[in-house]
1. If amide H atoms are built 1.01 Å from N in the plane of the peptide, which residues on other chains or at least 5 residues away come under 5 Å of the amide H of GLY280?
2. How much length, in nm to one decimal, is gained on full extension between VAL188 and LYS303, taken as 0.36 nm per residue of separation minus their Cα-Cα distance?
3. Between GLU140 and ARG15, with labels modelled 7 Å along Cα→Cβ, what's the label distance in nm to one decimal, could you check?
4. Give the long-range amide H neighbours of HIS34: residues separated by 5 or more places, or on another chain, with amide H under 5 Å away, using H modelled in the peptide plane at 1.01 Å from N.
5. What fraction of the Cα pairs in the range 267-339, stated in percent, has a spacing above 16 angstrom?
6. Let's test the formula: R0 of 35 Å, r as the Cβ-Cβ distance of ASP376 and THR313. What FRET efficiency results, to the nearest 0.05?
7. Between THR231 and SER159, what is the FRET efficiency for a Förster distance of 41 Å, r being their Cβ-Cβ separation, to the nearest 0.05?
8. Which ³J(HN,Hα) values in Hz, rounded to whole numbers, follow from the phi angles of the range 23-37 under the Karplus curve 6.51 cos²θ - 1.76 cosθ + 1.60, where θ = phi - 60° and Gly and Pro get x?
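Bear in mind that the values in this text are calculations on the coordinates, not laboratory data. This one's a predicted model, so the numbers in the text were calculated from it and none came from an experiment. Glycine also receives a Cβ, built like all others from the backbone with ideal geometry; neighbour counts cover every protein chain displayed.
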Amino acid sequence: MAGKRDYYEVLGVTREATDSEIKRAFRSLAREHHPDKNPDDPESERRFKEVQEAYAVLSDREERKKYDTFGHEQPGGSPFGPSGFQGVNISIDDLFGGGFESIFSQIFSGGGTTRRNRGRDLLVDHEVPFQAAMDGHEDEIEIDIMRACEQCDGSGSESLEGVRECPACDGRGRIQRIEKAGFFTKQVVTDCSSCRGEGRIVSDPCPSCDGQGRARQAKQVRFTVPPGVTTGTRLRMRGHGEASRGNRGESGDLYIQMSVQQHPWFERDGPDLLMALPLGYVDLVLGTLIEIPHIDGSELSIKVPAGSNPGETITISGRGLPGGRGRRGRGSVTVLLKLDMPSKVPRSLKKSLEGMREDIGTDMDSLLDSIRFEADKRRRP
């Protein structure tokens, strides 16, 4: 096993680390290197499995004792068998909960228990209106999914007598054998070849599902989109994924990935909203009060101070979107002031503007004089 890193080094803990310290280190590193968080990094899966393997050994008292004594070259070879550690399918949500302990508890449990049979997780994309980010949203989707066959009720057999326990593995789905390695022996557990790891044999297959116990069917799923939802948010629907083979285990989970539609005039930065407000020159000079319908159902009052300039912003606190994920309060609305220049100017207005030119141009004349003076200074030897 040359080249394999020390398990304590992988988790970044000392050899005196407690069980809770090892668990904390694993959770942190597993979240950091999870392939779902690093889809563009081809090395993330390798690092993730390395962290899993280190935790699987150091979290088991007996295996940790062996490792502390013999290192990677312990008698009998790797505790994971001749093929080495293959990794455990842990979702991001499992890392924030307590679900992964039960998975690792099966690694060293031997062949005395039935293997966990679980259906596949599914991921679907779903678009919601922008208003859902303010109010939340009740929605429903239809998906085609592998579900328990209705004709055989998931048994895979056309008759009740057509399913029997696999005699080769006694219904466990796994075969345990003992192999010798020098003076030592080791236990090796593999899938049963007679039943392909299912623990049962179907002699009278259901014609609807061909003995699989599952068939592709349409399914309606209702769910609630929380206020503050952002594009990329994933909702986890437990048990709404694919059914397990033979309907002998729990169904997988369904992940619904949200895509929030764009708003006609608001841009979004988390819970904060940004909008551009076009105003005429008079409104900027004299100031004005603008009221527009807001997405929270009330009016949004924008008070533009006299003497405002294009490009300045006005911030209205507490009128943005909900924070989401349990955060309290709402974001802010930032209004960017823009000068709206008319494409055509009526003759009557042109005359009024000509009459204002002298008053407005006084400051401009002073500015031009200053520019000419500075230019003359630079030209002088």
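1. ASP340
2. 33.8 nm
3. 6.3
4. Residues meeting the amide H criterion: none.
5. 49
6. My answer for the efficiency is 0.35.
7. Computed FRET efficiency for THR231 and SER159: 0.20.
8. 5, 4, 4, 4, 4, 5, 6, 5, 5, 5, 9, 4, x, 5, 8
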